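The values are calculated or read from the model by the stated rules, or taken from the named source; none is laboratory data. The structure displayed is predicted, hence computed values, not measured ones. Here Cβ is always computed from backbone atoms with ideal geometry, including for glycine, and neighbour counts include all displayed protein chains.
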Amino acid sequence: MAEGAKYAIRVALLWLVPVILFFTHVLILPVALSLGLTVLEVPQLRKRVLGSGARKHLPCFRVNMLIRLLALWMLQVWWVILIRATDMDISEDVRSVEKQHLENTTQYVGSLLSSISVVLPCAGEGDYALKTVQSVFHSTPDVLREIIIVDDGSDPPLDQLITEDIRERYKVKLIRHESGTGLIASKLHGGNLATGDIVVFFDCHVAPQPNWYIPFLQLISENNRRIVVPVITSLDVSTWTQLGTAGVAKCYLTWDADFKWFESDDDFIPVISGGLLGISKMWWNETGGYDEEMRGWGGENLDQSLRSWLCGGEIVLARNSFVAHMWRQPKDRRTLANYHVDKGDPMRNRMRAASAWFGDFKEKLSDFGLQADGWGDTNNMLNVKQRLQCKSFAWFMHRFRNVYEDGGLLPAETFKLRETRNNMCLTYQGKAGTSASGQGKVAMMPCGSDDHRQRWHGANRLDGWSPDSPCCSGLRAWNTDQCLIAKANSISTTVCDISGRSKTQAFHFTETGMLMTEQSTFMSKNCIQAMTRGLQVGNCIPAAWAKDDTTVPLETRLYREAIDRESEDMDEP
């Protein structure tokens, strides 16, 4: 037999198994084995790759070529059997996963809420109403059932701007109140008229961003007792476009029945700001919408938040949903409101919400010169509370103990901070409740036994980035929204960052009587000093401060009593 034919047959036998497998399976090892043995068996290839003396040194050439071929085939067949067996196991797992996925998908699609009604309460918005309609329509495809505009006494009426042609083009239903009834009544009217599976409330000056609606559909379809809030970003009024993606969404409830923005890493929201949200029509109907006795604007967000949480629902953040919002800016006339709200309406509404939902904690309102009773009939809210067997306000605080306990809103103690050299006390120079400017001042004043503005307590989480961070990393003026802040060696107050992430608010009272700041380092410690010209940051002096008149505040006593009384009902989140 010719030399070339002999090696051709040998190579063919070497590649027999891979060629057969080529039509059934792509296997790397059999190909690699055949390729390697081909180099060894063909002299010209062997010399080129391994050199002329390779045959003498390789152990495999000490056995017959047939044995080498059989060994190759055995290795290749063994590999095929191994791969096939593995594939069978994987296939079974894949089929199981695919079956489960199909079942889950079928169940999800079967319960998917598929239509959205967007309600826009509009009072004196003018062109902004039309721009909002266009933004909603273009950012919400086939799932948009309707845009319901409630024209609350606008002058001129919005139907002069949003004509019949525009209404038909953008799926608009226009409802007119000849005289202004207020934002809350307008939202209640629009929500009741909505026919979509999900009712979305937007302010009449927003630009929803692309795909904003997808998380709304997904999250509410998973739980139709869930209110969903988007990330609320800023709107450029000139271009009607979003300014970046930084935004807000979460608020917490304060003891004077107000709300403050805050941040946390979880997706649950204690209190909504009120203007932008989505809710299933079922949950809207079941919870009764809004309190129809509230007037004008403000307070409905507190009522709706507590209705949802205490009565079996929840409120979550849609982190991938962005809605640009026009914020009211006093220095920009384009953003000013063109409607009237009676001065007392927001307070009245807040007190109605507190009257219905605060329970025993209504007593705390007296610290702010407020009272929950005497603001009209609240039976509509109390009926919802009874019908849905809603939980107590203490349950709400326990559910959000990362805010109320860890954030310092339920202080373990309040105290006075006395400077030992002159026996003067650190005093917040403002009123109880919310600071209108968001800022405040402090001074050293004669210690007074009944002066609540001299009472302080630990506040803000200790490690803002830890989900289990306890209190406290700062000092808060009791019954206010203000915490001590050190800037440029001066001491003042600002709105508390309960997350603990603001290091300028980080202070602690040491066992040696020093008020130390976060600005301290290993080599240099900085503390609050009371100087003749005022408070400032300076060197630390031991025993400079004393903590006097320590007491457990009313809100904490009420909370502890409720926890002991209702311990079996305090579900873990």
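Could you check the range 292-317 and list, in sequence order, the residues that are of a type in the set (A, V, I, L, M), within 30 Å of VAL237 (Cα to Cα) and surrounded by fewer than 24 Cβ atoms within 10 Å (Cβ to Cβ)? Matches in the range 292-317: ILE315, VAL316, LEU317.
Within the range 274-318, can you find the residues that are among the aliphatic types (A, V, I, L, M) and outside any loop (DSSP other than H, G, I, E, B)?
So in the range 274-318, the residues among the aliphatic types (A, V, I, L, M) come out as 276-277, 279, 282, 294, 302, 306, 310, 315-318.
LEU277, ILE279, MET282, LEU302, LEU306, LEU310, ILE315, VAL316, LEU317, ALA318 - these are the residues of the range 274-318 that are among the aliphatic types (A, V, I, L, M) and outside any loop (DSSP other than H, G, I, E, B).
Taken together, the residues in the range 207-232 that are free of Cβ contacts under 8 Å to residues at least 24 places away in the same chain and of a type in the set (A, V, I, L, M) amount to 0. Within the range 528-559, the set of residues being surrounded by fewer than 14 Cβ atoms within 10 Å (Cβ to Cβ), more than 37 Å from the chain's Cα centre (by Cα) and polar (S, T, N, Q) comprises THR532, ASN539. Just so you know, in the range 193-239 the residues that are part of a strand (DSSP E or B) and of a type outside the set (Val, Ile, Thr) include one that is nearest to ASP151 (Cα to Cα), and it is PHE201.
Quick check on the range 406-459: of everything there that is in a loop (DSSP other than H, G, I, E, B) and β-branched (Val, Ile, Thr), which residue is surrounded by the fewest Cβ atoms within 10 Å (Cβ to Cβ)?
Filtering the range 406-459 down to residues in a loop (DSSP other than H, G, I, E, B) leaves 406-413, 420-423, 429-432, 434-438, 441, 447-451, 455.
Keeping just the survivors that are β-branched (Val, Ile, Thr) gives 420, 434.
Values: THR420: 13, THR434: 18.
Here the answer is THR420.
Take ASP463 and tell me if it is surrounded by fewer than 22 Cβ atoms within 10 Å (Cβ to Cβ), under 23 Å from the mean Cα position of the chain (by Cα) and outside the structural domain of PHE259 (by TED's automatic domain parsing). Break it down into steps so the answer makes sense when it comes.
Numbers: surrounded by fewer than 22 Cβ atoms within 10 Å (Cβ to Cβ): yes; under 23 Å from the mean Cα position of the chain (by Cα): yes; outside the structural domain of PHE259 (by TED's automatic domain parsing): yes.
So ASP463 fits the description; yes.
When VAL119 is evaluated against the numbered criteria (1) free of Cβ contacts under 8 Å to residues at least 60 places away in the same chain; (2) buried (at least 20 other Cβ atoms within 10 Å of the Cβ), which criterion, by number, is the only one it fails? Result: VAL119 passes all but (1).
Taking ILE175 as the residue in question, decide whether it is touching a His at 6+ places or on another chain (Cβ under 8 Å) and part of a strand (DSSP E or B). In short, yes.
For the range 500-516, a residue qualifies if it is closer than 21 Å to LEU253 by Cβ and part of a helix (DSSP H, G or I), and exactly one does: GLN505. In this structure, ASN402 does satisfy being crowded, with 19+ Cβ neighbours inside 10 Å, assigned to a helix (DSSP H, G or I) and either basic (Lys, Arg) or out of contact with any Cys (no Cβ under 9 Å at 6 or more places or on another chain) (or both).
Quick check on my filter: what residues within the range 143-191 are surrounded by 20 or more Cβ atoms within 10 Å (Cβ to Cβ), more than 18 Å from GLY298 (Cβ to Cβ) and of a type in the set (Val, Ile, Thr)? Residues satisfying the conditions are ILE147, ILE148, ILE149, ILE162, VAL172.
Being in contact (Cβ under 8 Å) with a residue 60 or more places away in the chain and either buried (at least 22 other Cβ atoms within 10 Å of the Cβ) or under 25 Å from GLU263 (Cβ atoms) (or both), is that true of even one residue in the range 338-348? First the steps, then the outcome.
So the first thing to find is which residues in the range 338-348 are in contact (Cβ under 8 Å) with a residue 60 or more places away in the chain, and the list is 338-341, 345.
Subset that is either buried (at least 22 other Cβ atoms within 10 Å of the Cβ) or under 25 Å from GLU263 (Cβ atoms) (or both): none.
No, the conditions are met nowhere in the range 338-348.
Can you name the residue in the range 482-521 that is out of contact with any Asp or Glu (no Cβ under 9 Å at 6 or more places or on another chain) and aliphatic (A, V, I, L, M) and is also surrounded by the most Cβ atoms within 10 Å (Cβ to Cβ) among such residues? This residue is LEU484.
The rows are residues; the columns are (1) in contact with a strand residue (DSSP E or B) (Cβ under 9 Å, 6 or more places away or on another chain); (2) closer than 21 Å to GLU555 by Cβ; (3) without any contact (Cβ under 8 Å) to a residue 40 or more places away in the chain; (4) surrounded by fewer than 17 Cβ atoms within 10 Å (Cβ to Cβ).
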{"residue": "PHE358", "(1), (2), (3), (4)": "no, yes, no, no"}
{"residue": "LEU370", "(1), (2), (3), (4)": "yes, yes, no, no"}
{"residue": "THR378", "(1), (2), (3), (4)": "no, no, no, no"}
{"residue": "LEU388", "(1), (2), (3), (4)": "no, no, no, yes"}
{"residue": "LYS391", "(1), (2), (3), (4)": "no, yes, no, no"}
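So, ASP497, is that one among the acidic types (Asp, Glu), touching a residue at least 12 places away in the same chain (Cβ under 8 Å) and part of a loop (DSSP other than H, G, I, E, B) or not?
Working: among the acidic types (Asp, Glu): yes; touching a residue at least 12 places away in the same chain (Cβ under 8 Å): yes; part of a loop (DSSP other than H, G, I, E, B): yes.
Spelling it out, ASP497 is indeed among the acidic types (Asp, Glu), touching a residue at least 12 places away in the same chain (Cβ under 8 Å) and part of a loop (DSSP other than H, G, I, E, B).
Looking at GLY299, is it out of contact with any Ser or Thr (no Cβ under 6 Å at 6 or more places or on another chain) and within 19 Å of LYS391 (Cβ to Cβ)?
no
Of everything in the range 255-290 that's touching a Lys or Arg at 6+ places or on another chain (Cβ under 6 Å) and not aliphatic (A, V, I, L, M), which residue is surrounded by the most Cβ atoms within 10 Å (Cβ to Cβ)? Taking the candidates together, the pick is TRP255.
Taken together, SER321, SER355 contain a single residue that is in a helix (DSSP H, G or I) and not hydrophobic (A, V, I, L, M, F, W, C), which is SER355. Taking the range 358-396 as the region of interest, how many residues are outside any helix (DSSP H, G or I), at pLDDT 95 or above and hydrophobic (A, V, I, L, M, F, W, C)? Of the residues in the range 358-396, 4 are outside any helix (DSSP H, G or I), at pLDDT 95 or above and hydrophobic (A, V, I, L, M, F, W, C). Taking the listed residues GLY374, GLY369, GLY299, the one that is of a type outside the set (Val, Ile, Thr), in the same structural domain as LYS260 (by TED's automatic domain parsing), at positive phi and over 20 Å from the mean Cα position of the chain (by Cα) is GLY299, with no other qualifying.
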